[in-house]
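To keep things clear, I will list the structure first and then write my remarks on it.
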Amino acid sequence: MTDTTGARTDFDRDGFVLLREYLSPPEADEVSANIQRFVDEVLPGAPENTAFYEDPADPSTIKRLQNMADLDPWFDELCRSDRFLGLASELLGEEAVVRNQQWFNKPARAGAVTPPHQDGFYFMLEPNHAVTLWLALDQIDEENGCIRYVRGSHRLGIRVHQPSDVLGFSLGLPDYGDEDRALETPIHAQPGDLFAHHCMVIHRADANESDRGRSALGLVYYAGSAKVDDERAARYREELFARWKREGRL
């Protein structure tokens, strides 16, 4: 198992940390196999907001699945395991709470950009203290849309967000500029590598212009001390999904 010594220090300083070979290749393959099983067996009967598509008319262009642990026992067990929940607690410095599990995908030649944003703007927490564990399931680099973190941006507060045209990422930073790009760190990864980012760190990703897919599993954990405005968050999601449905984007 990967040595996590020093991970909390890097996470606190930079807003993210990369843990190489957190899962072995066979373990990463098992995760990918269960994602495919979820798509084949669970998704047909799941709520309509479980999946987002690059092209709603093409089922092969899934760009994101969400709430997977709520719908499938295998993923529920995975996100509650000490290997992931324990790591989240270690990085946050307090007991972590399972919040969501998502599959992020950029299909070859079809995966759109991910606009610069802070997850905390969506989470609506007080304090804004949460972590996403991002498990790479493909080889990931600049060609197929690697994540780019703005190092240290988690310590500078929430930035202004405005509506985005990117389905699944409804809000982004309108003032993202050269100073932000100068601090970007592109994350290259192999299947089984894991990187964790704080909900306040700014990050983005380019489109996938390669002939390779870019797949990763994201596990979201809130700090136990963080409180969410559930009514406000539910209202936001309901309005958002209604708009996307009217526009034919779901």
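The values are calculated or read from the model by the stated rules, or taken from the named source; none is laboratory data. Keep in mind that this is a model prediction, so the values were computed, not measured. All Cβ positions, even for glycine, are placed from backbone atoms using ideal geometry, and neighbour counts span all protein chains on display. The accessibility values were calculated without ligands, DNA or RNA, using every heavy atom of the protein model including side chains. Shrake-Rupley method; radii C 1.70, N 1.55, O 1.52, S 1.80 Å.
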Order by accessible surface, 1.4 Å probe, largest leading, for residues PHE121, PHE84 comes to PHE121, PHE84
Is the chain best put as rounded, prolate or oblate by its Cα gyration tensor, with a ≥ b ≥ c the root eigenvalues, rounded for a/c under 1.5, and otherwise prolate when a/b is larger than b/c, oblate when not? rounded
Using only helices, what value at 222 nm comes out for the chain when you add -39,500 (n - 2.57) per DSSP H run of length 4 or more and divide by the total residues, to the nearest 500 deg cm²/dmol? -7000 deg cm²/dmol
Between the range 132-191 and the range 201-219, how far is it from one alpha carbon centroid to the other, in angstrom? 9
Carbon plus sulfur, as percent of the 1.4 Å-probe accessible area of the range 135-234, comes to 46
At 0.36 nm per residue, minus the direct Cα-Cα distance, what do VAL228 and ASN49 gain on full extension? Give it in nm, one decimal, please. 62.4 nm
Where labels lie 7 Å past Cα in the beta-carbon direction, separation of SER32 and VAL160 in nm: 4.3
If you take every residue apart from LEU92 with its C-beta less than 11 Å away from the C-beta of LEU92, what net charge results, scoring Lys and Arg +1 and Asp and Glu -1? -3
At a probe size of 1.4 Å, how large is the accessible area of ARG20, to the nearest 10 Å²? 120
Using Cα pairs under 8 angstrom and six or more residues apart, how large is the relative contact order of the range 1-124, in percent? 21
Can you give me the accessible area per residue for the range 112-243, using a 1.4 Å probe, in Å²? 42
ARG80 paired with ARG13, simple spin-label distance in nm, labels 7 Å along Cα-to-beta-carbon: 3.7
